[in-house]
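The values are calculated or read from the model by the stated rules, or taken from the named source; none is laboratory data. Please read these numbers as outputs of a predicted model, since none were measured by experiment. Cβ placement follows ideal geometry from the backbone for every residue including glycine, while neighbour counts extend to all protein chains displayed.
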Amino acid sequence: MLKVDNLSTSYSTIDGPVHVINNVDFEIYENEIFGIAGESGCGKTTLLKALYDIVEFPLVIDSGKLILSGEKNGKFFSYETGEIRKTWWNNISYVPQAAQSVLNPIAPLRHQFLDSIPREDRKNEPEEKTLKRVAKYLEELSLSPDLLGAYPFQLSGGMRQRVIIALATFMSPNVVLADEPTTALDVVVQRGILMMLMGLQKRLKNTMVIVSHDMGVHYQITDRMGIMYSGSIIELGETEDIFERPVHPYTQMLVGSLPKVGDKSQKVGIPGRPPALTNPPPGCRFAPRCPYAKDVCLKHAPQFKKVLPGRFAACHMLKREAN
């Protein structure tokens, strides 16, 4: 469905390029919820922008590409980096970070729904008929059609987030990318948003990519997930397996620091801090914080390899699984 082929990106600055995504290589499958987790500044949002083909200065793709492919309405489609934007809303859509602030504050929501529908998809359909389809879709999502006459400032934060998700899914895209969809919302509203996303994925049978630093979000709704650290995915596998048996030292420490019901043991945070992307260390970027680091870790970057069935990791201490 969505293949990331050895992707590397950087941001152009007056001091030279800052490399943010480094040789990322993985696939996102059809009809799954895929999670991307990691600390702030590890490159999650930049990766999502690349997936959506929002590649504009100062962001530059240094190498690799992305391929979006699949089938819709009986027709096969395939788009690569630079062409993916041609199918925005139809085959792929995006819920940006801080989505509550992306709605036009001076336009009623009905205009914003109309603007999100490509002209060729309306096929000279009268505006009134289009709005009836939108109203019906809102009702299917347990939202009032009266929202179409409202302005964004008249809605709560949680309601604006639901409207953004409705906008992103109205055209039944094959892939929905959501960047921190529950940020800045209270826990009750967060649960409602997560239930809405899960319900939509089951109903549309599409693929969702959820970016969040909140591991609890991934545990609740994702099928598989990738753990990012300093611009690279360092572990990938089924979500349940990653929580039950993390294999990369960073993932082990990340999962081990999470509170658990009934566990009264003292939790210890991960020592140190992530390296600056402007001046990363040689070798494994987690080595300065890793309790198992050896000389090879400080000199050579580990390969991202298959270490268990369905599990991939980048660590010198892990053996490659025999094919």
Item checked: Filter result for Pro280 (in a loop (DSSP other than H, G, I, E, B) and surrounded by fewer than 12 Cβ atoms within 10 Å (Cβ to Cβ)) -> no
Item checked: Residues that are aliphatic (A, V, I, L, M) and buried (at least 18 other Cβ atoms within 10 Å of the Cβ), drawn from segment 172-184 -> Val175, Val176, Leu177, Ala178
Check: Which one of Lys260, Lys319 is closer than 25 Å to Val217 by Cα, in a loop (DSSP other than H, G, I, E, B) and modelled with pLDDT under 90?
Finding: Lys260
Next item on the list: Report the residue count in segment 197-216 for those that are assigned to a helix (DSSP H, G or I) and out of contact with any helix residue (DSSP H, G or I) (no Cβ under 6 Å at 6 or more places or on another chain).
Entry: 8
Note to self: Go through (1) under 27 Å from the mean Cα position of the chain (by Cα); (2) over 22 Å from Gln220 (Cβ atoms); (3) not in a helix (DSSP H, G or I) for Ala107 and report which single condition fails.
What the structure shows: (1)
Notebook entry, point to check: Among the residues of segment 56-96, how many are in a loop (DSSP other than H, G, I, E, B), touching a strand residue (DSSP E or B) at 6+ places or on another chain (Cβ under 6 Å) and surrounded by fewer than 17 Cβ atoms within 10 Å (Cβ to Cβ)?
Noted result: 1
Next item on the list: Looking only at segment 14-55, count how many residues are of a type in the set (D, E, K, R), more than 22 Å from Ser230 (Cβ to Cβ) and crowded, with 18+ Cβ neighbours inside 10 Å.
Entry: 1
Checklist line | Filter result for the condition that a residue is in contact (Cβ under 8 Å) with a residue 40 or more places away in the chain and either under 15 Å from Met171 (Cβ atoms) or touching a Gly at 6+ places or on another chain (Cβ under 8 Å) (or both), over Leu148, Leu141 | finding: Leu141
Check: Of the residues that make up segment 194-209, is at least one among the β-branched types (Val, Ile, Thr), at pLDDT 90 or above and within 20 Å of the chain's Cα centre (by Cα)?
Finding: yes
Check: Which one is nearest to Asn6 (Cα to Cα), of the residues in segment 217-241 that are in a helix (DSSP H, G or I) and touching a residue at least 24 places away in the same chain (Cβ under 8 Å)?
Finding: Thr239
Note to self: Just checking, does segment 251-264 include any residue being in contact (Cβ under 8 Å) with a residue 60 or more places away in the chain and of a type in the set (Asp, Glu)?
What the structure shows: no
Item checked: Residues satisfying the stated conditions in segment 128-183, i.e. part of a strand (DSSP E or B) and under 15 Å from Leu194 (Cβ atoms) -> Val176, Ala178, Asp179
Item checked: Which listed residue, of Val247, Val268, Val307, is free of Cβ contacts under 8 Å to residues at least 60 places away in the same chain and either closer than 22 Å to Phe26 by Cβ or among the aliphatic types (A, V, I, L, M) (or both) -> Val268
